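S.K.: Following this message is one structure expressed as structure tokens.
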């Protein structure tokens, strides 16, 4: 359990950092995430889903490696795209604002998903699973449970304060 929680927190923070850098470089007037803390949970959720799908579904397939990768890429792209669609609609309904909008992309479906972005998620998933994860596993397993527990407390408090102060019902 701590393994997945550590991935969730690390990639939530890395995703927030990445978005902040990209938004600054391109001078986009957007904010990364909806919480007060320096994390964007959709990235952490995506990392955990990639791990779970690769462990519980694809390790049980009896196909060659190339076919396994192709099936993985299709499934994970659909799952991450669905998460982005659900997340965008959920955030809009809770906060009464768009945190991102892909309407100006050529192949978009509504505001929250677009083909080019889904392809980016697919490529990032492949890089994460086959290049980053083997290296990260060495670090993840050395994180003391105390730090993970501390992050859990901070995250829960952040969710509570966000709901109290930002959610528009």
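Derivation of every value follows stated rules applied to the coordinates shown; laboratory data play no part. Please read these numbers as outputs of a predicted model, since none were measured by experiment. Ideal geometry is used to build each Cβ from the backbone, glycine not excepted, and the neighbour counts take in all protein chains shown.
S.K.: Give me the extension gain from residue 67 to residue 101: residue separation times 0.36 nm, minus the current Cα-Cα distance, reported in nm with one decimal.
M.R.: Values: separation 34, 0.36 × 34 = 12.24 nm, distance 3.35 nm.
Here the segment from residue 67 to residue 101 would lengthen by 8.9 nm.
S.K.: Can you tell me how segment 1-97 classifies by the Cα gyration tensor, rounded, prolate or oblate, using a/c under 1.5 as the rounded cut?
M.R.: Prolate is the answer for segment 1-97, as a/c is 1.5 or above and a/b outweighs b/c.
S.K.: Follow-up. Between residue 20 and residue 56, what is 0.36 nm times their sequence separation minus the Cα-Cα distance? Round to one decimal in nm. Don't skip to the end; give the middle numbers.
M.R.: Numbers: separation 36, 0.36 × 36 = 12.96 nm, distance 3.28 nm.
Once the chain is fully extended between residue 20 and residue 56, it gains 9.7 nm.
S.K.: While we're on this one: Can you give the helix-only mean residue ellipticity at 222 nm for the chain, where every DSSP H stretch with n ≥ 4 adds -39500 (n - 2.57) and the sum goes over all residues, rounded to the nearest 500 deg cm²/dmol?
M.R.: Helix contribution divided over all residues of the chain: -23000 deg cm²/dmol.
S.K.: Can I ask one more? Points 7 angstrom from Cα along the Cβ direction at residue 90 and residue 115: gap in nanometres?
M.R.: Inter-label distance under the simple model: 2.8 nm.
S.K.: Additional query: Residue 82 to residue 156: extension gain in nm, 0.36 nm per residue of separation minus the Cα-Cα distance?
M.R.: Details: separation 74, 0.36 × 74 = 26.64 nm, distance 2.44 nm.
My answer for the length gained is 24.2 nm.
S.K.: Then there is this: Please report the projected area of the chain's Cα convex hull averaged over all directions, in nm².
M.R.: Averaged projected area of the chain's Cα convex hull equals 11.0 nm².
S.K.: Then there is this: In percent, what relative contact order does segment 65-169 have, based on Cα pairs under 8 Å that are 6 or more apart in sequence?
M.R.: 26
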